[in-house]
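Following: one structure in structure tokens, then a few remarks.
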Amino acid sequence: MRNIRILTVDDETLALRRLQLLLRTIGIVEHVGEASSCREAIELARTLAPDVILLDIKMRDGDGFEVAEHLARQAGAPIVIFVTAFDRFAIRAFESGAVDYLLKPVERDRLERAIRRARHQLEVSDAEQRIVELQALVRNLRAAAAQDNGTSFETEFWLRASSGIVHVAVDAIDCVSSEDDYVAIHTQNGSHLMRGSIRQFESRVEPGYFVRVHRAWLVRRNGIAELRTPRAGGPEIVLRSGKRVPVGRVYLKSLRQNIRPV
């Protein structure tokens with residue numbers, strides 16, 4: 001079979017560059033183009049006719065599902081591999097029939113496995129069948145989105161682990177710390193990295209469920225056991241799990257007024 005023609009779609013320049021460099025190391029592909037918006041992705045998919053699209057889910061001018069919905073109305077629909085920074089819809093996309101999904105930052109081996117899976121799908125299905133499958137995928141995703149309309153905040157995360165992907169419920173998270181371009185999600189069963197900032201994490205969960213205790217730390221409010229302010233050493237939060245978290249001086253007054261340790 002000829003090389004797989006791939007179009008990459010992401011509104012982040014660095015993400016597109018990373019995919020470009022990774023694809024160069026995989027011998028069975030031809031990177032035919034890249035798009036940084038939903039509108040551009042739809043146009044390039046029409047003119048370039050790629051076999052596979054690596055499609056980011058959250059875009060500045062829409063989302064990847066809208067692009068997939070448009071492609072499902074056209075002849076010669078490509079195979080879609082969704083790319084996401086741990087969005088819950090990615091899991092639903094996979095469960096609903098997507099060939100695969102990739103978690104950011106995309107790793108070379110994982111990308112190659114996804115492409116080989118797409119190549120197999122190209123070999124065993126024809127264009128008409130892929131259109132039907134993509135239309136079904138879009139319907140399932142739209143139904144899932146409609147069910148979620150009543151809940152605007154995350155109640156769970158799917159996070160990268162050494163063994164693959166793990167499910168972490170929000171109420172199982174003890175605390176969150178800043179780690180350069182990532183946040184570390186700490187639970188009693190271990191810690192996992194998630195791309196993004198503490199501010200971005202706060203925007204994804206119900207307001208007030210976590211409390212900022214330090215510029216680099218959040219803790220789950222109902223997981224607090226004690227606020228300690230020793231004469232020697234800095235103040236700290238002791239969690240019900242036993243973990244100790246430092247408290248920044250600028251947050252101390254607010255903590256004393258607002259938390260209710262249990």
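Could you list 215, 244, 220 so that the one with the fewest beta carbons within 10 Å of its beta carbon is first and the one with the most is last?
Details: 215 10, 244 13, 220 21.
Listed from fewest to most nearby Cβ atoms, that is 215, 244, 220.
Give the order of 120, 31 when sorted by the count of other beta carbons within 10 angstrom, beginning with the fewest.
Listing 120, 31 from fewest to most nearby Cβ atoms yields 120, 31.
Net charge near residue 180, counting Lys/Arg +1 and Asp/Glu -1 over other residues with Cβ under 15 Å of its Cβ?
Counting the neighbours of residue 180, the net charge comes to +2.
At a Cα cut-off below 15 Å, give the aspartates and glutamates reachable from residue 253, other chains included and same-chain residues fewer than 8 away excluded.
Qualifying aspartates and glutamates at Cα under 15 Å: 226, 236.
Between residue 21 and residue 221, what is 0.36 nm times their sequence separation minus the Cα-Cα distance? Round to one decimal in nm.
67.8 nm
What lysines could a cross-link reach from residue 58, if we take a straight Cα to Cα line under 19 Å and drop same-chain neighbours fewer than 8 places away?
Within the straight-line cut-off, residue 58 pairs with 104.
Near the amide H of residue 31, under 5 Å away, which other amide H atoms are found, from residues 5 or more places off or on another chain, if H is placed in the peptide plane?
6
Under a point spin-label approximation (7 Å from Cα along Cα-to-Cβ), what is the residue 189-residue 110 distance to one decimal in nm?
My value for the distance between the label points is 1.8 nm.
If you find the alpha carbon centre of the range 35-76 and of the range 178-254, how far apart are they in angstrom?
So the two Cα centres are separated by 39 Å.
None of the figures in this text is laboratory data; all of them are computed from the coordinates on show. These numbers come from a predicted model, not from an experiment. We place every Cβ from the backbone using ideal geometry, glycine too, and count neighbours over all the protein chains shown.
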